[in-house]
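Colleague: Mind having a look at this structure? Questions to follow.
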Amino acid sequence: MAVTENVSSCSLSAMWEWSHWSHSGTPPAVSLLDGAADLLVLERNFSGALELCERGLQIITAEAADTRCEQVKASLCVVGIQALAELERWREVLPWVVQYYRSPQEIPHSVMEMCLLLYSRVKEPRVMVDLSRTWLSERSNRRQPGYTRVAELHVLRVLLPLGLLSEAEDLAKDPGVFAPQQQTLALNAITEYRRRWDQEGDRAKSEVAHDEQAASETERGTGNSKAAILSIARLLYGSLSLAARRICRVPFRRVILAFLLIAVILLRLDPASPISHGPVFRLLLLIREGVSGIFQSSSSPGTKKH
């Protein structure tokens with residue numbers, strides 16, 4: 001993955017600063033730096049650029065340190081960081097850099113800037129939080145020209161994305177780190193982040209409350225449905241029980257007579273029914289005659305009395 005800022009300006013200036021040595025005994029590390037930069041920028045050969053950077057760093061580590069070697073070393077690290085990022089090996093960047101310095105506090109500001117930018121770009125700022133804290137707390141680093149830039153990246157690319165707003169505010173108010181105008185810009189950025197964090201927190205709380213309310217309503221509705229079903233079942237059971245008890249009290253003969261009367265009425269209303277013909281029809285006539293006889297016998301005593 002390519003970092004937004006490819007090779008930093010400090011590394012490029014260091015490479016051109018050593019270019020005048022090309023005709024007067026150029027140190028091997030400088031030649032390797034030039035070759036690594038060409039492979040990285042011009043040929044896009046990232047593996048080759050990384051290999052040259054590692055060879056140059058091994059040479060410088062074995063030699064006596066001086067100011068010029070430290071500048072070349074920083075430039076080699078910056079080019080190597082970019083090569084690792086292009087190779088999708090960004091997880092190896094921090095261990096790879098630390099192995100060439102005796103302590104994290106000795107890492108140059110240009111290398112720190114590249115590491116902060118890289119891990120911010122891949123959304124892993126937590127990787128840098130302890131290292132950048134340690135680096136900024138070292139008093140000797142305050143004299144480096146890029147100290148304020150590292151502090152700015154630490155605030156904007158590490159502390160704010162991690163939600164460490166109080167720590168970011170304390171660092172922004174430090175007059176030994178930022179000038180007044182820079183303090184104002186940093187504090188404005190912190191205020192804006194705090195407003196966003198508060199809005200996101202309120203939104204999250206609102207969503208949680210809405211989910212809880214929906215779950216409660218669903219549970220309540222389920223409980224009401226169950227209660228309604230149970231109530232209907234009880235009512236139906238009571239009605240059936242009552243009907244069964246009443247049917248049991250009715251004499252069997254009356255039940256048979258009622259069924260016969262219902263059949264007569266239905267057959268009389270539906271003369272087109274197939275069962276109204278043949279033997280069944282004759283049986284129906286006998287039943288009707290029997291019923292008529294019953295009514296006539298029941299009405300005859302009244303006639304005689306009259």
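The values are calculated or read from the model by the stated rules, or taken from the named source; none is laboratory data. Worth saying up front: this structure is predicted, and the values here are computed from it rather than measured. Positions of Cβ are backbone-derived with ideal geometry, glycine not excepted, and every protein chain shown enters the neighbour counts. When the accessible area is computed, the model is the full protein with side chains, heavy atoms only, and any ligands, DNA or RNA have been set aside. Shrake-Rupley method; radii C 1.70, N 1.55, O 1.52, S 1.80 Å.
Colleague: Can you tell me which residue among Arg195, Arg203, Arg133, Arg220 is at pLDDT 90 or above, part of a helix (DSSP H, G or I) and basic (Lys, Arg)? Explain how you work it out, then say what you get.
Modeller: Values: Arg195 fails: at pLDDT 90 or above; Arg203 fails: at pLDDT 90 or above; Arg220 fails: at pLDDT 90 or above.
Answer to the selection: Arg133.
Here's the yes/no breakdown for (1) among the hydroxyl-bearing types (Ser, Thr, Tyr); (2) modelled with pLDDT under 90; (3) more than 23 Å from Tyr101 (Cα to Cα); (4) exposed (fewer than 14 other Cβ atoms within 10 Å of the Cβ):
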site	(1), (2), (3), (4)
Ser22	yes, yes, yes, yes
Pro27	no, yes, no, no
Ala49	no, no, no, no
Leu57	no, no, no, no
Cys69	no, yes, no, no
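Colleague: Looking for whichever is within 25 Å of the chain's Cα centre (by Cα), surrounded by fewer than 17 Cβ atoms within 10 Å (Cβ to Cβ) and either free of Cβ contacts under 8 Å to residues at least 12 places away in the same chain or part of a helix (DSSP H, G or I) (or both) here; the options are Arg102, Arg91. Which one fits?
Modeller: Going through Arg102, Arg91 in turn, the sole match is Arg91.
Colleague: Being over 15 Å from Ala179 (Cα atoms), open to solvent by 40 Å² or more (accessible area, probe 1.4 Å) and part of a helix (DSSP H, G or I) is the filter here, so list the residues in the stretch 137-157 that pass it.
Modeller: Correct list: Ser137, Arg139, Ser140, Leu156, Arg157.
Colleague: Within the group Ala83, Ala62, which residue is open to solvent by 80 Å² or more (accessible area, probe 1.4 Å), of a type in the set (A, V, I, L, M) and either in contact (Cβ under 8 Å) with a residue 12 or more places away in the chain or farther than 18 Å from Glu138 by Cβ (or both)?
Modeller: Details: Ala83 fails: open to solvent by 80 Å² or more (accessible area, probe 1.4 Å).
Result: Ala62 is the single residue among Ala83, Ala62 that is open to solvent by 80 Å² or more (accessible area, probe 1.4 Å), of a type in the set (A, V, I, L, M) and either in contact (Cβ under 8 Å) with a residue 12 or more places away in the chain or farther than 18 Å from Glu138 by Cβ (or both).
Colleague: What's the number of the only condition in (1) closer than 20 Å to Trp135 by Cα; (2) open to solvent by less than 30 Å² (accessible area, probe 1.4 Å); (3) not in a loop (DSSP other than H, G, I, E, B); (4) not basic (Lys, Arg) that Ile190 fails to meet?
Modeller: For Ile190, the exception is condition (1).
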